Number of protein chains: 4
Amino acid sequence: MSGTTGDKLDLILDAAYELFGVDGFYETKISDIANRAGIAKGTVYLYFKSKEELCLAVTRRDCEQFLDNLHEALRPCTNMADKLYVIAVHHTRYHFERRKYTKLVFRAPNNDPALMQYMRQFMFRYMEIVLDVLKEGKVAHPQWSAESYIGMLDRVKMDLMFNPDFNEQQLQERTRFVTDLFLMGCEKQINRPGDSS
Amino acid sequence: MSGTTGDKLDLILDAAYELFGVDGFYETKISDIANRAGIAKGTVYLYFKSKEELCLAVTRRDCEQFLDNLHEALRPCTNMADKLYVIAVHHTRYHFERRKYTKLVFRAPNNDPALMQYMRQFMFRYMEIVLDVLKEGKVAHPQWSAESYIGMLDRVKMDLMFNPDFNEQQLQERTRFVTDLFLMGCEKQINRPGDSS
Amino acid sequence: MSGTTGDKLDLILDAAYELFGVDGFYETKISDIANRAGIAKGTVYLYFKSKEELCLAVTRRDCEQFLDNLHEALRPCTNMADKLYVIAVHHTRYHFERRKYTKLVFRAPNNDPALMQYMRQFMFRYMEIVLDVLKEGKVAHPQWSAESYIGMLDRVKMDLMFNPDFNEQQLQERTRFVTDLFLMGCEKQINRPGDSS
Amino acid sequence: MSGTTGDKLDLILDAAYELFGVDGFYETKISDIANRAGIAKGTVYLYFKSKEELCLAVTRRDCEQFLDNLHEALRPCTNMADKLYVIAVHHTRYHFERRKYTKLVFRAPNNDPALMQYMRQFMFRYMEIVLDVLKEGKVAHPQWSAESYIGMLDRVKMDLMFNPDFNEQQLQERTRFVTDLFLMGCEKQINRPGDSS
DNA sequence: GATGAATGAGGGTTCATTCAT
DNA sequence: AATGAATGAACCCTCATTCAT
């Protein structure tokens, strides 16, 4: 009664997040998840109807947290540049902290309609946030700009996830860089240390 | 029908490209590929040691063609702006033409080291091309800029693949937009028809 | 609602009879039975050691009622022909009233020794009743005759259970027919309406 | 090429007949069948889509043989009494020879629509044969009479399957008895040795 | 007595891969 | 080279049963 049920659900979600993220959806067995959660295999099915549904729940928790945190972080901001920077910091840091979960980049199972539907919805909501910031700032083509901004940030995410040398300092420089590039274009960029490649 | 080895290999690659692209790697059975190629299941194994290796071959052929085409398209260009535009057109059009192969976005199998290694190498080579263009144009932070540019283009790719309303005209507008945004930043963008959202 | 033990036991037996009869033993889950009985799954195990034992109890209640009713119905009869007719009416009507429980024809689980033992015993007791009637009537080969009579009645049962058009009127005609056939043989049968097939 | 395929199919059917018949459908594992057939588990699925379909095939082979044999046995008969006797002999002997396969009495799986459909069809065809014999003999109520006759024979089947003392001699006596009873009714039956119970 | 969350053995089915022809 | 029948390891999910509350 002291929340044991809730605990078990979280144990499963945590274990699944870990294993789906590190090994991948298809590579993870329900029994692995149960083992890591310290429960019996059948118990997973008391909480989730199928492996796919569990994957959706894991994804949903992750994505909702992402959006919640972003809303929180944006609250104190007043001007567009600040907001864009906060979005960039949030995006890159969020994934930096989860950079060992490379397999979450691909939200497999590729063919689950419910998961694909949710991911579309998540992307729409994320886009809306960026869109509002750009509209407030009277940016031309806010929709296309928002897409581009997120695209740039997602590339940083790919880099930090697959480049083992990516570190804290680079994270900060890259984040700042993306915001500046977005605002001013590449021809106005000031040379910055750390990109001598 | 002449039974040449080369013929059969291409039949297999074509069938696999189609099925991996439309249905996904895990969802496609070797027997499906053999059926579509009009050959026997066992024959696939005369050409490829495993399903993963076949997937790698499919990916390799696709990516090499991408790079070959890009090299070809860039040859006549002389200045950076032109080159960047050509890169953008090439990137978006290539994926527009293959937009029914949504499952190729995720180069599963997630855990095959050879495939991941090849994708890293491909990305490195693609990046080098963009990098050279930017360095030639004396752009600051060419590496980071190149990453960002590709990120923006990749987001257009996502949009055109998952948005069923995406059409030829939008493709052109979006492509031009990305190049301009990259060069001038969002604050210098001129309002363009077609993005009133 | 008063919570008496007896109440709950009957609730379980009723639910199990319904579900075993309509869906079959293997197809019915203990949780289905508990749901239909309006009690918790675990409670079933306060009354029955296992699913098999519950099935036995259901069967036993059904069969005992069958025999009790038959004894009751036979009491007023004095001559053999009457008694045989009463047996026939009882047999066919009993199953006609339960004709939606087609799965009870097969007293699964096939391998439970206790159930098979009980069914043998039931058949023996039923047979004894018919046997006594036939012996009293000085019928030759009373044992074989009794078996045959029950076989004929059981075929009517099969028909009424699996033929959706079987109705009340046919029931009466068929019942009378079987008794006559048994007594007189097919060559003495008088033509009767309703069987022109 | 020497009929290996056909052989393997028969091996599976034989093994399944044995195990379904002796242990029951639900109690038999596909791996048991494969083991007994001396093949791999997966091979079963090259020949049958599911356990249910295999059960249907086993049943069909058994029933078709039953009908074929019956047709053959009836061919030389000319009058009704002979034919009825041949039917009785065939029915009881067929099951006597298979009396160790008690579980085939219940053609589980109880809920497979294809199996139930086939069993209805089989029963219809068997009934038609008996019906034709009775119509030819101008028996009144041929449909009901046919049902009754089969019912009597089926009861002999039950007896020989579940009564371990049932022997060859009893088989002959019982078979003759059923035919006589059907033709003349119980009141004309002549006392016969062997039924002193 | 009553509950229902937790258990875990069990089995049907899939499919990449092999190899005799 | 080409075939496709055969293999068998692998895994998801079910559900009868238990037991702490």
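The values are calculated or read from the model by the stated rules, or taken from the named source; none is laboratory data. Only a predicted model underlies this, so the values are computations on that prediction, with no experimental measurement involved. Heads up, the Cβs are rebuilt from the backbone with ideal geometry, glycines too, and the neighbour counts pull from every protein chain shown. The area values use the complete protein model at the heavy-atom level, side chains included, leaving out ligands, DNA and RNA. Shrake-Rupley method; radii C 1.70, N 1.55, O 1.52, S 1.80 Å.
Mind checking which helices (runs of 4 or more DSSP H) fall wholly inside region B:1-62 and carry at least 2 residues that are small (G, A, S)?
Numbers: elements: B:5-23, B:30-37, B:41-47.
Of the helices (runs of 4 or more DSSP H) lying wholly inside region B:1-62, those with at least 2 residues that are small (G, A, S) span B:5-23, B:30-37.
Residue by residue through region D:68-84, note down the ones that are in contact with a Gly (Cβ under 9 Å, 6 or more places away or on another chain) and at pLDDT below 95. Quick ask: steps written out before the conclusion?
We begin by selecting, within region D:68-84, every residue in contact with a Gly (Cβ under 9 Å, 6 or more places away or on another chain); these are D:79-81, D:83-84.
Passing the criteria: D:N79, D:M80, D:A81.
Do we have C:V133 as in contact (Cβ under 8 Å) with a residue 24 or more places away in the chain and within 12 Å of chain D (Cβ to nearest Cβ) here?
On the way: in contact (Cβ under 8 Å) with a residue 24 or more places away in the chain: yes; within 12 Å of chain D (Cβ to nearest Cβ): yes.
It is true that C:V133 is in contact (Cβ under 8 Å) with a residue 24 or more places away in the chain and within 12 Å of chain D (Cβ to nearest Cβ).
One line per residue, one yes/no per condition, for (1) more than 14 Å from chain B (Cβ to nearest Cβ); (2) β-branched (V, I, T):
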site: A:I33; (1), (2): yes, yes
site: A:I39; (1), (2): yes, yes
site: A:Y45; (1), (2): yes, no
site: A:E97; (1), (2): yes, no
site: A:P113; (1), (2): no, no
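Starting from residues that are assigned to a helix (DSSP H, G or I) and within 24 Å of D:D112 (Cα to Cα), keep the ones in region C:109-122 and report whichever is most open to solvent (accessible area, probe 1.4 Å). Steps first, please.
Taking region C:109-122 as the starting set, the residues that turn out to be assigned to a helix (DSSP H, G or I) are C:113-122.
Now drop any that are not within 24 Å of D:D112 (Cα to Cα), which leaves C:115-116.
Values: C:L115: 2, C:M116: 55 Å².
Checking each candidate, the answer is C:M116.
Within region D:72-87, track down each residue that is part of a loop (DSSP other than H, G, I, E, B) and loosely packed, with under 15 Cβ neighbours inside 10 Å. If you could, list the steps in order and put the result at the bottom.
First pass over region D:72-87, keeping only residues part of a loop (DSSP other than H, G, I, E, B): D:75-79.
Listed by number, the residues that qualify are D:R75, D:P76, D:T78, D:N79.
Return only the number of the condition from (1) at pLDDT below 95; (2) under 21 Å from C:F122 (Cα atoms); (3) within 7 Å of chain D (Cβ to nearest Cβ) that C:M184 does not satisfy.
(2)
Kindly indicate whether any position in region A:51-67 is modelled with pLDDT of 95 or more, within 16 Å of DNA strand E (Cβ to nearest atom) and open to solvent by less than 40 Å² (accessible area, probe 1.4 Å).
Yes, some residue in region A:51-67 is modelled with pLDDT of 95 or more, within 16 Å of DNA strand E (Cβ to nearest atom) and open to solvent by less than 40 Å² (accessible area, probe 1.4 Å).
In region B:88-108, what residues are under 18 Å from A:M158 (Cβ atoms) and crowded, with 18+ Cβ neighbours inside 10 Å? Give the steps one after another, and end with the answer.
To start, the set of residues in region B:88-108 that are under 18 Å from A:M158 (Cβ atoms) comprises B:91, B:95, B:104-108.
Result: B:H91, B:H95, B:L104, B:R107, B:A108.
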